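The values are calculated or read from the model by the stated rules, or taken from the named source; none is laboratory data. Model, not experiment: these values are computed from the prediction. Here the Cβ is made from the backbone with ideal geometry for all residues, glycine too, and neighbour counts use every protein chain on show. What goes into the accessible areas is simple: the full protein's heavy atoms, side chains included, and nothing from ligands, DNA or RNA. Shrake-Rupley method; radii C 1.70, N 1.55, O 1.52, S 1.80 Å.
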Amino acid sequence: MTGVQTCALPILRARSNVAIYKAAAAIPDFNKVAAMRPKDAIPPMERAFAYLDQKQWDRALDDATKAITLDPKLARAYNARATAYRAKQELQKALDDFNKAVELDQNLDNYFQRASTLQLLNRHKDAIADFDQAVTLAPDQPHTYFARAQSKVARSEEHTSELQSRGLIS
C-alpha cells in the first residue's frame with residue numbers, strides 16, 4: 001500500500017466525523033495523517049477546524065499557524081486562525097487574518113466572517129460593505145441579509161447619537 005493509500009482512510013474518516021459533528025473523533029485521524037505527511041498544510045488546517053468545533057482555541061491557533069507556515073497561500077488556514085483569535089476576543093488579530101483570507105480567496109465565508117468581526121469592532125460601515133459582497137456572492141443566504149441589517153441599524157443609531165450630541169436633533 002502506498003503512502004497516499006495509507007493516508008486515505010484516516011483522512012476520509014476524519015472528514016466524515018467532522019461532517020457529522022463528531023470533531024473529537026476526527027482529531028486522532030488528523031493526527032495520523034499529519035504524522036504521515038508532515039510537510040502537508042491540509043491536515044493541520046483541517047485539525048484546526050476540528051479543534052474550533054471543540055472550543056480548543058489555542059490548539060486551533062497552533063494548527064492553523066502551522067498550516068500557514070507550510071502554505072502561506074492557504075486561505076482556509078487564515079480563516080481558521082482568525083476564528084480562533086475572534087473566539088479569544090483578539091479582534092484585531094482576527095481581522096488581520098480575515099483580511100488575508102479575503103485577499104487570497106474572495107468567497108462568501110471569508111467576507112461574512114470578516115464582516116462579523118468588523119461588527120464586533122463597531123466598524124459597521126466596513127461590515128456593511130463586506131456583507132454586500134457576501135450577498136452578491138450568495139443572494140440566497142438569509143442570515144447575510146439579517147447580519148447586514150444589524151450593522152445598518154447600529155450605524156443609524158451611531159449617526160443619530162452624533163446628531164443629538166451636536167444638538168442638531170433631539
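Checking each residue in segment 67-119 for being on the phi < 0 side of the Ramachandran plot and among the polar types (S, T, N, Q) picks out THR69, ASN79, THR83, GLN92, ASN99, GLN106, ASN107, ASN110, GLN113, SER116, THR117, GLN119. Residues of segment 35-55 that are acidic (Asp, Glu) and assigned to a helix (DSSP H, G or I): GLU46, ASP53. The lone criterion from (1) in a helix (DSSP H, G or I); (2) acidic (Asp, Glu); (3) farther than 30 Å from ALA35 by Cα left unmet by ASP140 is number (1).
TYR145 meets each of the listed conditions (1) open to solvent by 40 Å² or more (accessible area, probe 1.4 Å); (2) under 30 Å from ASP29 (Cβ atoms); (3) part of a helix (DSSP H, G or I) apart from (2). Hey, does segment 115-124 have a residue that's under 19 Å from ALA48 (Cβ atoms) and among the basic types (Lys, Arg)? No, every residue in segment 115-124 fails to be under 19 Å from ALA48 (Cβ atoms) and among the basic types (Lys, Arg). Considering segment 135-170, and only residues there that are basic (Lys, Arg) and modelled with pLDDT of 85 or more, the residue that is nearest to GLN113 (Cα to Cα) turns out to be ARG148. If you go through segment 25-53 and keep only what is open to solvent by 50 Å² or more (accessible area, probe 1.4 Å) and within 13 Å of THR83 (Cα to Cα), you end up with just ASP53.
Residue count for segment 1-53 under the criterion of being at pLDDT below 90, of a type in the set (Gly, Ala, Ser) and either within 22 Å of the chain's Cα centre (by Cα) or under 14 Å from ARG76 (Cβ atoms) (or both): the result is 8.
Taking the conditions (1) under 30 Å from LEU120 (Cα atoms); (2) among the acidic types (Asp, Glu); (3) at pLDDT below 95 in turn, ASP96 satisfies each one other than (3).
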